[in-house]
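The values are calculated or read from the model by the stated rules, or taken from the named source; none is laboratory data. It should be emphasised that the depicted structure is a prediction, and the values quoted were computed from it without experimental measurement. Virtual Cβ from ideal backbone geometry, glycine too; neighbours counted across all protein chains shown. The accessibility values were calculated without ligands, DNA or RNA, using every heavy atom of the protein model including side chains. Shrake-Rupley method; radii C 1.70, N 1.55, O 1.52, S 1.80 Å.
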Protein chains: 2
Amino acid sequence: MLPFDILEYQQRLSHTKKRMEDCGIDVLLITDPANMNYLSGYDAWSFYVHQMLVIVIDEDQPLWIGRYLDANGARLTTWIYEENVIAYPDHYVHSDQHHPMDFISEILIQIGQGNRTVGVEMDHYYFTGKALEQLRKGLPNARFKDATLLVNKVRMIKSDQEIEYMRRAAQIADLAMQKGVESIYPGVRECDTASEIYAHLIKGTPHYGGEYPAIVPLLPTGDRTSIPHLTWSDRPFVDGNAVIIELAGCYKRYHVPLARTISIGQPNEQLKQVTPVVLEGIQAVLQKAKPGITCGELEETWRTTIKKHGYEKEARLGYSVGLNYPPDWGEHTGSIRKGDPTVLQQNMTFHLIPALWFNKDGIEISETFRVTESGSERFTSYPQELIIRDHLDNGQIS
Amino acid sequence: MLPFDILEYQQRLSHTKKRMEDCGIDVLLITDPANMNYLSGYDAWSFYVHQMLVIVIDEDQPLWIGRYLDANGARLTTWIYEENVIAYPDHYVHSDQHHPMDFISEILIQIGQGNRTVGVEMDHYYFTGKALEQLRKGLPNARFKDATLLVNKVRMIKSDQEIEYMRRAAQIADLAMQKGVESIYPGVRECDTASEIYAHLIKGTPHYGGEYPAIVPLLPTGDRTSIPHLTWSDRPFVDGNAVIIELAGCYKRYHVPLARTISIGQPNEQLKQVTPVVLEGIQAVLQKAKPGITCGELEETWRTTIKKHGYEKEARLGYSVGLNYPPDWGEHTGSIRKGDPTVLQQNMTFHLIPALWFNKDGIEISETFRVTESGSERFTSYPQELIIRDHLDNGQIS
């Protein structure tokens with residue numbers, strides 16, 4: 001049932017405890033669903049209610065605390081002992097009378113943790129301002145420390161099994177991209193292509209069923225290609241427009257994102273000119289990447305490569321990627337941007353997405369890569385190029 | 001471009017300001033993407049970075065403050081004037097050096113709002129503990145008030161245009177349910193059915209393209225039907241098992257959820273016995289619902305109806321539903337549960353999901369309904385029954 005050997009979970013836990021010790025944290029309250037999954041295996045769409053994984057530094061087992069409706073899910077999907085799954089009653093759910101953090105505070109006091117140093121993921125989605133305030137009230141003798149990214153940093157270097165899951169996610173990404181691209185014709189609606197992409201992301205391959213990605217497929221079109229985070233509409237594609245597809249295959253919650261730019265009909269001059277620059281930049285970064293290089297140096301490589309051709313890009317180029325839940329597949333640790341000091345190590349994984357956006361349009365061609373012993377390797381095999389969907393008079397694509 | 005007339009946005013804003021006034025709030029910082037959309041039209045998958053809509057009680061226009069990459073999206077999808085779209089640079093994104101709330105605090109001080117009473121959505125997703133702390137540091141002369149659910153409460157009563165969008169979402173829900181159910185055969189994988197459902201949710205109808213629902217389709221199967229929030233796997237369906245499908249059609253971000261229970265082959269005795277009880281309970285609640293009745297009275301109706309047959313259910317039965325973004329389509333205001341004092345009013349909309357879960361399995365049959373002038377009406381038209389997928393020897397379904 002568990003996607004990883006129990007020893008792998010125990011190793012993750014011990015790495016986490018080492019960091020807790022370094023930070024002087026006795027009790028770590030984990031809200032990030034990816035971090036909960038990473039340490040316990042817990043996997044359910046229940047993060048819309050308050051829930052936590054509690055790591056006590058001198059206890060072998062984590063505690064799962066959540067809504068009682070979800071406790072069976074915790075029993076089924078984690079390696080946590082039955083008695084460590086603790087459920088709060090339903091009157092705590094979305095109530096202005098009762099807050100789940102009051103319940104969690106009481107539990108922590110009952111198990112003798114009320115006067116220790118408590119780490120909380122201060123800037124993670126789902127750890128609300130109210131949750132912080134209620135915990136402070138409920139645990140007046142505890143000291144609080146910010147543990148944002150503590151577990152995320154443990155997650156950066158993937159195990160061989162995690163890499164294997166990402167390879168399967170990559171097969172799904174390749175397939176969904178191919179089917180999505182093939183569906184694009186003038187007159188087809190954006191939502192029809194999004195539907196095709198989704199269908200294949202979820203169906204997966206005959207061997208590996210797909211899962212929901214942490215971000216929906218994005219496919220800005222025409223002058224919206226300059227606005228990367230708009231979702232699809234039901235407008236039809238128009239000949240002469242470009243479409244950017246950004247998607248991720250997902251397997252066992254591991255993501256491999258992939259972006260491509262598609263020209264419907266022959267590309268305009270700007271796209272024609274900028275494509276080889278982006279491709280040269282990507283190649284330069286992938287060749288530069290190896291253990292010991294920093295994320296900042298990767299950005300510098302990109303910047304100097306495209307500058308030769310007169311281009312500049314201000315936004316970051318990429319980020320660490322892997323296990324995740326909505327609303328983001330990025331890990332929020334290493335970013336490929338100016339001055340980022342993250343040092344690449346073997347089996348770190350990044351989404352390199354050096355998009356160029358102009359006033360009225362943009363181009364995105366991306367690769368997810370793994371840092372190998374001596375370099376880097378792509379996960380997907382989809383052609384790294386500007387894709388041209390030129391429809392002929394007989395309705396065929398050239 | 002905007003899904004609603006500009007007058008409708010202005011009316012929503014004026015209702016919001018009325019509530020701000022009642023609560024003594026001068027400046028409202030809105031983090032909930034549904035509330036941002038409700039007041040401004042803003043619609044993008046950008047809520048994985050910090051962003052806000054700022055309502056100043058004595059200013060006509062809201063301010064949108066977010067990542068500079070997303071500012072074009074704010075210009076395109078909202079009715080906010082160009083100069084009220086304010087963007088922070090990319091080095092604030094997922095950084096441990098710079099926090100977007102510092103930027104937002106500076107803006108508020110610059111526009112003379114630094115010493116006023118500031119409402120924050122304390123318990124909304126995406127308003128993190130860190131965001132609260134940074135705002136408090138950045139605005140030392142402001143007084144903070146909890147404004148959780150302030151805008152959500154304005155959202156409870158829908159306009160005719162909102163109801164129309166929910167009717168379109170209902171058509172999509174009916175279609176996706178039908179296609180999902182038709183795909184279920186022994187040997188088909190759960191992910192194949194999830195794929196079919198997703199494809200139709202997103203494609204929508206020929207007239208109305210679908211959008212991503214705020215929760216993925218859930219389809220617990222076999223003994224997992226007792227665990228409502230697990231997502232699909234790639235295991236094949238087995239003859240004799242039950243499947244619960246819970247999905248929502250989504251149009252212009254308005255949701256109509258729908259759940260049904262499907263028996264693969266003939267249902268077991270428990271399912272046969274409990275189905276008419278659930279259906280009787282649903283009918284009783286829908287007949288009871290009308291303006292003036294409380295949510296608590298609806299729960300009482302359900303409870304006494306099923307108790308006659310010896311059943312009890314502890315969890316809540318339903319909740320207010322409508323406009324939303326991941327991770328939840330519920331509005332977090334009225335809940336159909338014991339003692340809830342919410343008084344039904346015309347054009348409130350609820351998802352009534354009186355599931356019964358037992359130790360090893362469960363049943364869910366749900367309806368999304370609108371409170372009418374004198375009663376209630378369902379949005380979807382999918383048959384309200386236990387669905388039996390009995391495959392014959394020739395592979396046909398009876």
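Identify, please: which residue in the range B:198-216 is facing chain A (nearest Cβ under 9 Å) and under 29 Å from A:TYR68 (Cα atoms) and is, among those, farthest from the chain's Cα centre (by Cα)? Only one residue fits best here, namely B:TYR198. Look at A:LEU247 and say whether it is in a helix (DSSP H, G or I) and either open to solvent by less than 20 Å² (accessible area, probe 1.4 Å) or assigned by TED's automatic domain parsing to the domain that holds A:GLY180 (or both). Judged against the criteria, A:LEU247 is not a match. Scan the range A:14-32 residue by residue and report those that are within 14 Å of chain B (Cβ to nearest Cβ) and either under 23 Å from the mean Cα position of the chain (by Cα) or among the acidic types (Asp, Glu) (or both). Listed by number, the residues that qualify are A:LEU29, A:ILE30, A:THR31, A:ASP32.
Whether a residue is touching a His at 6+ places or on another chain (Cβ under 6 Å), in contact (Cβ under 8 Å) with a residue 60 or more places away in the chain and away from chain B (no Cβ under 12 Å) was assessed, and A:THR349 does not pass this test. Where helices (runs of 4 or more DSSP H) sit wholly within the range B:33-133, those with at least 3 residues that are farther than 20 Å from B:PHE4 by Cβ and more than 24 Å from the chain's Cα centre (by Cα) occupy B:68-77, B:100-110. The one condition from (1) under 24 Å from the mean Cα position of the chain (by Cα); (2) of a type outside the set (Lys, Arg); (3) open to solvent by 20 Å² or more (accessible area, probe 1.4 Å) that B:LEU386 does not meet is (1).
Take the conditions (1) touching a helix residue (DSSP H, G or I) at 6+ places or on another chain (Cβ under 6 Å); (2) open to solvent by less than 10 Å² (accessible area, probe 1.4 Å); B:VAL54 misses just one of them, which is (1). Name, by its number, the condition in (1) of a type outside the set (A, V, I, L, M, F, W, C); (2) at the interface with chain A (Cβ under 8 Å from one of its Cβ atoms); (3) surrounded by 22 or more Cβ atoms within 10 Å (Cβ to Cβ); (4) part of a loop (DSSP other than H, G, I, E, B) that does not hold for B:THR231. Failed condition: (3).
Considering only residues that are part of a helix (DSSP H, G or I) and under 20 Å from A:ALA131 (Cβ atoms), look in the range B:134-150 and name the one that is most open to solvent (accessible area, probe 1.4 Å). Give the derivation first.
Just the residues of the range B:134-150 that are part of a helix (DSSP H, G or I), to begin with: B:134-138, B:150.
Remaining after also requiring under 20 Å from A:ALA131 (Cβ atoms): B:134-137, B:150.
Working: B:GLN134: 20, B:LEU135: 0, B:ARG136: 94, B:LYS137: 137, B:LEU150: 14 Å².
Within the range B:134-150, the match that is most open to solvent (accessible area, probe 1.4 Å) is B:LYS137.
Every condition in (1) on the phi < 0 side of the Ramachandran plot; (2) modelled with pLDDT of 95 or more; (3) open to solvent by less than 20 Å² (accessible area, probe 1.4 Å); (4) of a type outside the set (Val, Ile, Thr) holds for B:LYS288 except the one numbered (3). Screening the candidates B:LEU298, B:LEU279 for the property of being away from chain A (no Cβ under 14 Å) and buried (at least 19 other Cβ atoms within 10 Å of the Cβ) yields one hit, B:LEU298.
When the residues of the range B:174-184 are filtered to those that are open to solvent by less than 30 Å² (accessible area, probe 1.4 Å) and in contact with a Gly (Cβ under 8 Å, 6 or more places away or on another chain), which remaining residue is nearest to A:GLY249 (Cα to Cα)? It would help to see each step written out before you state the result.
Residues of the range B:174-184 open to solvent by less than 30 Å² (accessible area, probe 1.4 Å): B:174, B:176-177, B:180-181, B:183-184.
Within this subset, residues satisfying the condition of being in contact with a Gly (Cβ under 8 Å, 6 or more places away or on another chain) are B:174, B:176.
Values: B:ASP174: 28, B:ALA176: 22 Å.
Ranking the qualifying residues of the range B:174-184, first place goes to B:ALA176.
Taken together, A:LYS307, A:LYS338, A:LYS313 contain a single residue that is open to solvent by less than 70 Å² (accessible area, probe 1.4 Å) and basic (Lys, Arg), which is A:LYS313.
Here's the yes/no breakdown for (1) open to solvent by 10 Å² or more (accessible area, probe 1.4 Å); (2) farther than 21 Å from A:PHE369 by Cα; (3) part of a loop (DSSP other than H, G, I, E, B):
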position	(1), (2), (3)
A:GLU162	no, no, no
A:ILE172	no, no, no
A:PRO186	yes, yes, yes
A:ASP192	yes, yes, no
A:PRO206	yes, yes, yes
A:GLY209	no, yes, yes
A:VAL216	no, no, yes
A:THR225	no, yes, no
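Scanning the range B:69-89 for residues that are at the interface with another protein chain (Cβ under 8 Å from one of its Cβ atoms) and surrounded by fewer than 20 Cβ atoms within 10 Å (Cβ to Cβ) turns up B:LEU76, B:PRO89. With respect to the conditions (1) facing chain B (nearest Cβ under 9 Å); (2) modelled with pLDDT under 95, A:TYR92 falls short on a single one, namely (1). Considered as a group, the residues in the range B:341-359 that are open to solvent by less than 40 Å² (accessible area, probe 1.4 Å), farther than 13 Å from B:MET156 by Cβ and part of a loop (DSSP other than H, G, I, E, B) include one that is modelled with the lowest pLDDT, and that residue is B:ALA355.
The residues of the range B:300-331 that are more than 27 Å from B:VAL243 (Cα to Cα) and either in a strand (DSSP E or B) or among the aromatic types (Phe, Trp, Tyr) (or both) amount to a single one, B:LEU323. Remark: pairs (first residue in the range A:312-328, facing chain B (nearest Cβ under 7 Å); second residue in a loop (DSSP other than H, G, I, E, B) and among the aromatic types (Phe, Trp, Tyr); Cβ separation under 7 Å; 6+ apart in sequence or on different chains) = A:PRO327/A:TYR125; A:PRO327/B:PHE47; A:PRO327/B:TYR48; A:ASP328/B:TYR48.
Scanning the range A:217-240 for residues that are more than 22 Å from the chain's Cα centre (by Cα) and of a type outside the set (S, T, N, Q) gives A:GLY222, A:ASP223, A:ARG224, A:ASP234, A:ARG235, A:PRO236, A:PHE237, A:VAL238, A:ASP239, A:GLY240.
If I ask for residues that are of a type in the set (S, T, N, Q) and under 23 Å from A:TYR212 (Cβ atoms), which ones from the range A:299-357 would you list? Show your work before the answer.
If we filter the range A:299-357 for residues that are of a type in the set (S, T, N, Q), which is where we start, we get A:301, A:304-305, A:320, A:324, A:333, A:335, A:342, A:345-347, A:349.
Correct list: A:SER320, A:ASN324, A:THR333, A:THR349.
For the range B:143-159, the set of residues classified as free of Cβ contacts under 8 Å to residues at least 60 places away in the same chain and either more than 12 Å from every other protein chain (Cβ to nearest Cβ) or not charged (D, E, K, R) (or both) consists of B:ARG143, B:PHE144, B:THR148, listed by residue number.
Pick from the range A:234-244 the residues that are more than 9 Å from chain B (Cβ to nearest Cβ) and part of a loop (DSSP other than H, G, I, E, B): which of them is least open to solvent (accessible area, probe 1.4 Å)? Lay out the reasoning, then the answer.
From the range A:234-244, those more than 9 Å from chain B (Cβ to nearest Cβ) are A:236-244; that's our starting set.
Imposing the further condition that a residue be part of a loop (DSSP other than H, G, I, E, B) reduces the set to A:237-241.
Details: A:PHE237: 5, A:VAL238: 76, A:ASP239: 83, A:GLY240: 48, A:ASN241: 50 Å².
By that ranking, first place goes to A:PHE237.
In the range B:114-122, the condition of being surrounded by 23 or more Cβ atoms within 10 Å (Cβ to Cβ), out of contact with any strand residue (DSSP E or B) (no Cβ under 6 Å at 6 or more places or on another chain) and within 12 Å of chain A (Cβ to nearest Cβ) is met by at least one residue.
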